[in-house]
1. Report the one residue of Gly17, Leu227, Gly163 whose Cα lies farthest in the direction of the positive end of the charge dipole of region 13-240 (charges on C-beta: Lys and Arg +1, Asp and Glu -1; origin at the Cα centre).
2. Can you tell me the length gained on complete extension of the stretch Glu287 to Arg240, counting 0.36 nm per residue apart and subtracting the Cα distance?
3. For region 13-240, which whole-number percentage of the solvent-accessible area (1.4 Å probe, protein heavy atoms only) is attributable to carbon and sulfur atoms?
4. List the trypsin sites (Lys or Arg not before Pro) within region 1-98 that fall in a DSSP loop (any state other than H, G, I, E or B) and whose Cβ has at most 13 other Cβ atoms within 10 Å.
5. Quick check: the angle from helix 194-203's long axis to the longest principal axis of the chain, C-alpha only, nearest 10 degrees?
6. Pick out, from Thr246, Gly262, Leu189, the residue whose Cα sits farthest towards the positive end of the charge dipole of region 189-274, with +1 on the Cβ of Lys and Arg and -1 on the Cβ of Asp and Glu.
7. For helix 69-81, report the angle its Cα long axis makes with the longest principal axis of the Cα atoms of the chain; keep it between 0 and 90° and round to the nearest 10°.
8. Classify region 1-140 from the C-alpha gyration tensor, please: rounded if a/c falls under 1.5, else prolate or oblate depending on whether a/b exceeds b/c.
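The values are calculated or read from the model by the stated rules, or taken from the named source; none is laboratory data. Small disclaimer: the values here were computed from a predicted structure and weren't measured. Backbone-built Cβ (ideal geometry, glycine too); neighbour counts: all protein chains shown. The accessibility values were calculated without ligands, DNA or RNA, using every heavy atom of the protein model including side chains. Shrake-Rupley method; radii C 1.70, N 1.55, O 1.52, S 1.80 Å.
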Amino acid sequence: MSATGDPIRRLTVADIGRLHADGERLAMLTAYDYPTARILDDAGIPMLLVGDSLGQVLLGYDSTVRVTMAEMLHHTAAVARGTARALVIGDMPFLSYSNVEEAIENAGRFLREAGATAVKIEGGVRSARTVEALVRAGIPVMGHIGWTPQSQHGLGGKVRVQGKSRDAARHLLADAIAIQEAGAFAIVLELVPEQLAAVITSRLRIPTIGIGAGAGCSGQVQVVTDLLGLGTFSPRHARRYADLQTTIAEAARAYAEDVRNGTFPGPAETVRMDDSTLDEALGRSAEDRAATSTADGLLAGIPLDRDL
Ligand code: KIV
């Protein structure tokens, strides 16, 4: 039950559409593991994206193209287990949706095996046919245009803002419309100039979720490690709301110091047993001490105090 007495239930893409229609700005975060997902869910974050950014921020890869379906399913399942309310979106990894058949098969695994409610795929006009097929198969889809990390090699390798020229801006608008018309319930705009992102947002019925795309989007998404101060590098568009790197390092140093000086564990972290039971177990009772250390005095080969 929620605090208002309503049964807790998972948000659907229809709920997201309603929130958007009501003018609510949507806060999405990435999540990759069970404990963090639980905290974010309890905090009321309505959409959690298990982004393939996990390759870099969690697994230490140098790019998202190394992330596999198995890794994505593993982490998506953990996030789904940790949440009761949030809409969980699984990010389809590089080359997992190269053709429609593969896309349906792999997207289906996110829902069936990992417990996601929706998937995200990158690309505009080029991905529209895939989005349409997934939606027709009953799989809700979030689009992703602008800077699309899986195409980093095709986009010149260097992370850069997309849509700054006249032609690029027109292409991006066409991409957004194509993805909406294919049936996506929302679309991520990554690294898009704020004015263009605002125009795209105003031309769409579905919500735009911006990252490095200004305040004119219908919602925002941040990589959770950037938000929490756990990243090794913080992009310009990220805002740090906590410094967990310092908190974790301080906790680890304090713990190591307590172990070294013998103050951890203390009475509060320690379990004791009845001393007389231990005396009995070790043959320390007066009766036991009187016994000699003969073969029949040994208990199944366990050396008792009286035998030492
Ligand atoms: O993988 C990811 O985290 C993403 C977000 C940045 C939108 O795609």
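1. Selected residue: Gly163.
2. Gain on stretching Glu287 to Arg240: 10.2 nm.
3. 53
4. Answer in residue order: Arg9, Arg25.
5. Computed tilt is about 70 degrees.
6. Leu189
7. Tilt of helix 69-81: around 70 degrees.
8. It comes out oblate by the Cα gyration axes.
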